[in-house]
Amino acid sequence: MLLVIILLISQLSVANGVSCTTEFESNNKATEGGDEAPQEGGNKSPQGDDETAAEGDNITYSCTTTYNGVHNTSLVWFDKQGRLMSHSTVSTRGPLSSTYKSIAYVPKVPALTCNLYEWIPGKGWVFTNKTCNTKEQDTLYSVRSLTIWPFPYASPGEELTCSAKGNPKPEYSWFKKEDDGEWVRADEDNEDEDNDKITAELSDNSTSAIYKCIATNTIRGRPYFIESVGVEVTVGGATKRWIIVGVVLGVIAVIVIIGAIVYFVAM
């Protein structure tokens, strides 16, 4: 069942009689990217981050004015590049309002500008210098695009790096599997502040090990995660890796050369 909440952002900009607000509507669905982690005690209601849009939220920009001119007026929306996004119906007198609907995409909810125009006989639509702006802000999104390097082989003593995208910033955990085949935490003594790097090591009686990392973040009380493939750590692993890299680059070079030959022959 979709849990629907309305998040009204305390984002009010008032200038020269024109005011702007931005409203986010969330159905609490999992965003694209990492898997949703299992939760104890059933689903959790959204909590925290109440003033930030998450990926997929419905956005409603609202603009109102109390300007009471003698001619027709219209509210017009522009993005920060000056491109026309939407305009209101024309009002002859009194208060006027306009809304523009969008969806929260990664990486940001864009800022929009709402301008008040007035129809002046003989001149047409003239900007009244009455305007307001919404605020650009980062979009919350689940962890994704994880990479681990070196891969697929590494030598003991090499530094492994795990990298992923997400907002909030992902947190990292490292796991290691040696000859007994059991995964254990490998980062308990890690001195790296962000824990996105770790030095590959082998136990005294082990000839190889597999390392993997897991990146996680939490959006409105819901945790998300993504897991890397394993990196085999063994003596001579770096040599194996560069042999593979060399072969792949060689194959690519051959394909490019053949393609170039075929192209020039066909001309």
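Between Lys212, Lys240, Lys169, the distinction of being modelled with pLDDT of 85 or more, basic (Lys, Arg) and out of contact with any Asp or Glu (no Cβ under 7 Å at 6 or more places or on another chain) belongs to Lys169 only. Among residues of the range 63-74 that are part of a loop (DSSP other than H, G, I, E, B), those with a beta-carbon under 7 Å from a residue that is open to solvent by less than 10 Å² (accessible area, probe 1.4 Å) at least six positions away or on a different chain give the pairs Tyr67/Thr73; Tyr67/Leu116. Is it fair to say Leu84 is among the hydrophobic types (A, V, I, L, M, F, W, C), over 29 Å from Phe225 (Cβ atoms) and without any contact (Cβ under 8 Å) to a residue 12 or more places away in the chain? Taking the combined requirement at face value, the residue satisfies it.
Out of the residues in the range 158-169 that are within 20 Å of the chain's Cα centre (by Cα) and not in a strand (DSSP E or B), state the one that is surrounded by the fewest Cβ atoms within 10 Å (Cβ to Cβ).
Residues of the range 158-169 within 20 Å of the chain's Cα centre (by Cα): 162-169.
If we keep only those that are not in a strand (DSSP E or B) as well, we get 168-169.
On the way: Pro168: 17, Lys169: 11.
In this case the residue turns out to be Lys169.
Given the criterion in contact with a Gly (Cβ under 6 Å, 6 or more places away or on another chain) and among the small types (Gly, Ala, Ser), identify the matching residue among Ser142, Ser206, Ser173. Lay out the reasoning, then the answer.
Values: Ser206 fails: in contact with a Gly (Cβ under 6 Å, 6 or more places away or on another chain); Ser173 fails: in contact with a Gly (Cβ under 6 Å, 6 or more places away or on another chain).
Among Ser142, Ser206, Ser173, only Ser142 is in contact with a Gly (Cβ under 6 Å, 6 or more places away or on another chain) and among the small types (Gly, Ala, Ser).
The set of residues in the range 142-157 that are in a loop (DSSP other than H, G, I, E, B) and either open to solvent by 40 Å² or more (accessible area, probe 1.4 Å) or out of contact with any Leu (no Cβ under 9 Å at 6 or more places or on another chain) (or both) comprises Phe151, Pro152, Ser155, Pro156, Gly157. Could you go through the range 176-195 and let me know if any residue there is in contact with a Lys or Arg (Cβ under 9 Å, 6 or more places away or on another chain), farther than 30 Å from Leu140 by Cα, open to solvent by 30 Å² or more (accessible area, probe 1.4 Å) and in contact (Cβ under 8 Å) with a residue 40 or more places away in the chain. Yes - at least one qualifying residue is present in the range 176-195.
A quick yes/no check of all residues on (1) surrounded by fewer than 16 Cβ atoms within 10 Å (Cβ to Cβ); (2) farther than 23 Å from Asp180 by Cα; (3) not charged (D, E, K, R):
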position	(1), (2), (3)
Tyr211	no, no, yes
Gly221	yes, yes, yes
Phe225	no, yes, yes
Thr234	no, no, yes
Ile252	yes, yes, yes
Ile261	yes, yes, yes
Ala266	yes, yes, yes
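Residues in the range 83-95 that are open to solvent by 50 Å² or more (accessible area, probe 1.4 Å) and not in a strand (DSSP E or B) were compared, and the one that is modelled with the lowest pLDDT is Arg93.
Of the residues making up the range 181-198, those that are of a type in the set (Val, Ile, Thr) and under 27 Å from the mean Cα position of the chain (by Cα) number 1.
Looking at the structure I just gave you, is Asn28 at pLDDT below 90, farther than 18 Å from Asn133 by Cβ and open to solvent by less than 90 Å² (accessible area, probe 1.4 Å)? In short, yes.
Within the range 96-107, how many residues turn out to be more than 15 Å from Cys63 (Cβ to Cβ), of a type outside the set (A, V, I, L, M) and surrounded by 15 or more Cβ atoms within 10 Å (Cβ to Cβ)? Lay out the reasoning, then the answer.
First, pick out the residues of the range 96-107 that are more than 15 Å from Cys63 (Cβ to Cβ): 103-107.
So of that shortlist, the ones also of a type outside the set (A, V, I, L, M) come out as 105, 107.
Narrowing the set further to residues that are surrounded by 15 or more Cβ atoms within 10 Å (Cβ to Cβ) leaves 105.
The total comes to 1.
Restricting to the range 60-82, and then to whatever is hydroxyl-bearing (Ser, Thr, Tyr) and open to solvent by 20 Å² or more (accessible area, probe 1.4 Å), can you tell me which residue is nearest to Ser19 (Cα to Cα)? Restricting to residues being hydroxyl-bearing (Ser, Thr, Tyr) and open to solvent by 20 Å² or more (accessible area, probe 1.4 Å), the top hit is Thr64.
The values are calculated or read from the model by the stated rules, or taken from the named source; none is laboratory data. From a predicted model like this one, the values you see are computed outputs, not experimental measurements. Backbone-built Cβ (ideal geometry, glycine too); neighbour counts: all protein chains shown. The accessibility values were calculated without ligands, DNA or RNA, using every heavy atom of the protein model including side chains. Shrake-Rupley method; radii C 1.70, N 1.55, O 1.52, S 1.80 Å.
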